[in-house]
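Here the structure is laid out as structure tokens; the discussion comes afterwards.
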Amino acid sequence: VHEITAVANNGLDIEMPGGKYLNPDNLEIMVRAGKVKQATIDDKVRRLLRVIVQAGFLTQEQKLDYPLDDPQCAAVALDVAREGIVMLKNENKTLPLNAESVSKIVVVGPMGGHIAAGGGSSKVEPFHEVNTVDGIKAIAGNDCQVSFFPVIGRMVSNEIAKSSVFNHTDDSGEIKPGIKVEYFNGISLAGEPVLTRIENTINKMSPSALTVEGITGGEVSVRWTGMITPQIDGDYSLVACCDDGMRVWFDDELIVNEWSDHAAVVIQKQKTLQAGKSYNIKIEYYQKTGDAVAQFGWGMPRSSLADAVAAAREADAAVVCIGFGSDSEGEGSDRSFSLPAGQEDLIRAVAAANERTIVIINAGGNVDMQNWLADVPALLMAWYPGQEGGQALAEIIFGQVNPSGKLPATFEKKWEDNPSYKHYGLTNGHDIEYKEGIFVGYRGFEKHNIEPQFPFGFGLSYTTFEYGKPTVTIEHENDLPVISVKFSIENTGKVAGSETAQIYLSWQDARLPQPVKALKGFQKVALQPGESKEIHQTLDAEALASFDPETHNWIIDGKKFEILIGSSSADIKGKAAFTLK
């Protein structure tokens, strides 16, 4: 939000964070000036109150005696995780693993040892969590050796930043412990520092950690200068994590250059260092808005890529846990479409060492898979599965639960394929034009004949389903059509499973621009092997309606339509035409 009149008059009810523009004081001024009507304010209040009433907050008894770590809540979280995980690839029946025949599993990657969560207002700290490593260990049993190699990522950056040792040279030329740090007002490291002191680590995890006397307005830049001196020869990891900008020089070589506003990213470099030799380090950082992270550390990695690959080569199966988390995906900025640095190399190296490699992605949306997808036989989209996510993933990996999640978005092959790509971005610093119109998501992919990586509604199962032929009947309520769609689904495989049947509408004689098809309903049905159930979906006039920009009315556009049923937007199992009076 950058002003108040337009947003107040066009449907915005709340501005986050803090209501800088859309607040009571400004609205009162606008109402008194005649720029916003009192009725508009009343409508906003009414909509907010409607949600409160619908949720039952005014009439529902408020229970105060829930246990803090409620087993019932944990059970709900587990069910949600089980149903939300999407199996995107499963070649050569890589999954499920047989717990009785698998004796050695290696888990690799930064997301294996903790439960990732998106950042911002969605993030909560659970009272307990089951990570992927622990979930696999619990089901694999004592006879199966499960080893874990985090290798790269935020866990590594936290550990190294806390334990790194720095030195600096004082005014007399004597080498002393700690690193010199200079704090500057503003983000450009300009002028004289407001504070200079010696600190032991570079490990700032919040805006408050960067707040020192003399810093005003919340914007700060910092410069650390010093040296590192290893005690033994060897290969060392130099790890930086930053939100916002950071530059790192190692002996005058620029090894990290992330000088822009962004959510936290982890950058890891490898250097072969000599014992007793001092290497100069300079780190520059700025914090502009939102969250703040400034970490840098060095040390011999607790697990190297070579160690992980060697273990994967000897294992019956390898599970690679990659993606993002609250430090790199959250509110206030975009994360990259590509995976964090080093993760693609990790996937390819492990997949080359073990033909039974299973990749698990933690992210709020799609990632670039082009450089590694063909190399891995199995892929699970875990999203951010919550405190019980590790158990749910393990149950799916070992076949105790049949995956049944479906993609709620189209996964593009590359960012440029997305219908929003050409129009995304700020045209004058704060405006975005939504030129795609109604052709967003799968509608845009189909309109422009762009093949996605994985289509909307896609998700694999350990069993198979057969759809019956759909039938359509038309009734009327208050002179408006009501469409009834019926068809059967049979589990034709050998294990129980759930299928989400999707019902799409296609226009045959429309006057307005319409998509090739539009989702109008879906039902999830659980079936035992050989079991069949009938799906019955009703579409009312609202489901048939389109907005006419000329008349500013909702209309039923045309008379001839087609119902399409399928397991995804690209996998249509049957069609049925109908004509309205």
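The values are calculated or read from the model by the stated rules, or taken from the named source; none is laboratory data. Just so we're clear, the structure is a prediction, and the values are computed from it rather than from any experiment. Glycine also receives a Cβ, built like all others from the backbone with ideal geometry; neighbour counts cover every protein chain displayed. The accessibility values were calculated without ligands, DNA or RNA, using every heavy atom of the protein model including side chains. Shrake-Rupley method; radii C 1.70, N 1.55, O 1.52, S 1.80 Å.
Points to keep in mind about this one:
- GluC sites (Glu not before Pro) restricted to the range 294-355 and DSSP loop, no more than 16 other C-beta within 10 Å: GLU331, GLU355
- Within the straight-line cut-off of under 19 Å between alpha carbons, the aspartates and glutamates reachable from LYS104 are ASP134, ASP143, ASP307, GLU314, ASP316, GLU355, GLU395, sequence neighbours fewer than 8 places apart in one chain being disregarded.
- Per-residue surface analysis assigns ASP143 an accessible area of about 140 Å², computed on protein heavy atoms at 1.4 Å probe radius.
- Taking the protein heavy atoms of the chain in the context of the full set of protein chains, the accessible area attributed to carbon and sulfur is 50 percent at 1.4 Å.
- Each Lys and Arg Cβ is given +1 and each Asp and Glu Cβ -1; about its Cα centre, the range 328-473 then shows a dipole of about 380 debye.
- Helix 154-163 axis versus longest C-alpha principal axis of the chain: approximately 20°, rounded to the nearest ten.
- Kirkwood hydrodynamic radius over Cα pairs of the range 47-106, then Stokes diffusion coefficient at 4 °C and 1.567 mPa s, in µm²/s: 78
- ³J(HN,Hα) computed for each position of the range 441-448 - Karplus, 6.51 cos²θ - 1.76 cosθ + 1.60, integer Hz, glycine/proline x: x, 4, 4, x, 4, 6, 4, 9
- Packing, as the average of other Cβ atoms within 10 Å across residues, places the peptides 536-544, 285-293 in the order 285-293, 536-544, highest first.
- Sum of side-chain charges, PRO126 neighbourhood, beta-carbon under 12 Å (Lys, Arg +1; Asp, Glu -1): -4
- Bridging of LYS533 to lysines at a Cα separation below 23 Å is possible for LYS406, LYS469, LYS486, LYS494, LYS520, LYS524, LYS573, LYS575, once same-chain residues fewer than 8 apart are set aside.
- Computed over the range 357-402, Cα set: Rg, Dmax in Å: 11.5, 31
- Helix axis angle, 343-353 relative to the chain longest principal axis, alpha carbon, degrees: 80
- Residue (of ALA39, ALA55, ASN142) at the positive-pole extreme of the range 1-145, dipole from beta-carbon charges: ALA39
- Legend: residues LYS435, LYS573, sorted from most to least accessible area (1.4 Å probe; ligands, DNA and RNA excluded), read LYS435, LYS573.
- The packing ranking of peptides 235-242, 464-471, 11-18, highest mean first, is 235-242, 464-471, 11-18, where packing means the average number of other beta carbon atoms within 10 angstrom of each residue.
- Under-5 Å amide H pairs with TYR236, H placed in peptide plane, nonlocal only: LYS271, THR272, LEU273
- Solvent-accessible surface (1.4 angstrom probe) belonging to MET111, in square angstrom, nearest 10: 20
- Between amide H atoms placed 1.01 Å from N, distances below 5 Å from SER338 occur with ASP368, all of them 5 or more places distant or on a separate chain.
- The computed semi-axes √(5λ) of the Cα gyration tensor in Å for the structure shown corresponds, within [x] 59, 27, 21; [y] 78, 31, 19; [z] 47, 35, 21, to [z].
- Crossing angle, helix 305-314 versus the chain [Cα axis fit, 0-90 degrees, rounded to tens]: 60
- Debye, to nearest 20: dipole size of the range 534-581, +1 on Lys, Arg Cβ, -1 on Asp, Glu Cβ: 260
- Between ILE503 and LYS520, GLY521, PHE522, the built amide H atoms are under 5 Å apart, and every one of these is 5 or more places off in sequence or on another chain.
- Ignoring lysines fewer than eight residues from LYS20 along the same chain, the ones with Cα atoms less than 25 angstrom from its Cα are LYS35, LYS37, LYS44, LYS123, LYS288.
- Averaging Cα coordinates gives a centre for the range 1-16 and one for the range 462-519; these two points are 38 Å apart.
- Of the three principal axes defined by the Cα atoms of the range 483-551, the extents in descending order read 53, 20, 16 Å.
- Debye-formula intensities of the range 513-577, expressed as log10 I(q)/I(0) at q = 0.13 Å⁻¹, are -0.49 (one equal scatterer per alpha-carbon, no solvent).
- Debye, to nearest 20: dipole size of the range 391-456, +1 on Lys, Arg Cβ, -1 on Asp, Glu Cβ: 100
- Relative frequency of Cα-Cα separations exceeding 21 Å in the range 275-422, percent: 58
- Top positive-direction residue, dipole computed over the range 437-581 with Cβ charges, set ASN491, LEU512, THR579: ASN491
- If you bin all the Cα-Cα distances of the range 302-379 at 10 Å, starting from zero, the percentages per bin are 18, 49, 27, 6, 0.
- The range 84-89 - phi-based ³J(HN,Hα) in whole Hz, Karplus 6.51/-1.76/1.60, Gly and Pro as x: x, 5, 10, 8, 9, 8
- A quarter of the convex hull surface defined by the alpha-carbon atoms of the range 435-487 gives 6.9 nm² as the mean projection.
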